[in-house]
Amino acid sequence: MYQHFSINASWDPSVARIFIPVICTLISFIIFWFVAQSAKIKARFYEKHDFDSASVKHIFFTKYFGFLTMGILPAIVCLLALPEISLAEYGLTFIPETGFFTLIWIIGLSAVVLPLLYFNAKKPENWINYPQIRAKVWTRKTVVINLIGWFLYLLGYEFLFRGILLFSLVEPLGVWPAIAVNIALYSATHIPKGLAEAIGAIPLGLIFCILTLASGTIWIAFIVHVAMAWTNSLTSIKFHPEIQYIPNGK
């Protein structure tokens, strides 16, 4: 039997706190993803530089662009559209009362996850995606650029997902619905990297969300995520059979 559902199109602060962060997250990631995956943009780097230099410059561009589109741009939009919420309320702050809690969880999670990444880096299937810079010869400069790129990218990424998307939705939706929305979108962004990463993002996203809300900041998720990315990159360089590390190379 057909049922008629009325639609309440009224716009109030609680609706804005759901609609704006969710749409902002989607649009920000879409812009980043399609620019980062653009064949035309990538081709421009490879037309101007040799293969190794082009790979370094292109990947760093995508990381820096991700920081802008998922960090700076959403921050500006949300501060203007939701002026009642400050950057500190999005978790971009330090809370002395939860400082020790934050430190312990950063150390604890890193101690569990990083060894697993180290051993996973030996597997050929890991070399399909990592390291993202596909240069054949890595120098000390390449490593530094890689680390800075990941740092900037993940600062924007975690601020968007664990800051704007999570904290904004807790008040209008409640803790668990807000976490569910966060995990769904977070896992979806990992789909292009394969089934394993998409599924793995579910429990990791749950842990990050709970710890973010418990600490009141994004730092546990951000620092652990950076440690994971750095470990994955550096160990992939170490074990990848087609990569040479020459510290003082050009």
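The values are calculated or read from the model by the stated rules, or taken from the named source; none is laboratory data. Small disclaimer: the values here were computed from a predicted structure and weren't measured. Heads up, the Cβs are rebuilt from the backbone with ideal geometry, glycines too, and the neighbour counts pull from every protein chain shown. Each accessible area value is taken on the protein alone, full model and side chains, heavy atoms only, with ligands, DNA and RNA left out. Shrake-Rupley method; radii C 1.70, N 1.55, O 1.52, S 1.80 Å.
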Total residues in segment 26-61, condition without any contact (Cβ under 8 Å) to a residue 60 or more places away in the chain, within 30 Å of Ile183 (Cα to Cα) and open to solvent by less than 40 Å² (accessible area, probe 1.4 Å) = 5
Here the qualifying pairs (Cβ atoms under 7 Å; residues six or more apart or on different chains; first in segment 194-215 and without any contact (Cβ under 8 Å) to a residue 60 or more places away in the chain; second open to solvent by 50 Å² or more (accessible area, probe 1.4 Å)) come out as Ala198/Ile191; Leu213/Val175
Can you tell me how many residues in segment 219-250 are over 25 Å from Phe29 (Cβ atoms) and either in a helix (DSSP H, G or I) or open to solvent by less than 10 Å² (accessible area, probe 1.4 Å) (or both)?
-> 5
Every pair of residues 6+ apart whose Cβ atoms lie under 9 Å, when the first sits in segment 143-155 and is farther than 16 Å from Tyr130 by Cβ while the second is modelled with pLDDT under 95 and open to solvent by less than 20 Å² (accessible area, probe 1.4 Å) | Phe151/Ala229
For Val170, state whether it is touching a residue at least 12 places away in the same chain (Cβ under 8 Å) and under 17 Å from Trp150 (Cβ atoms).
-> no
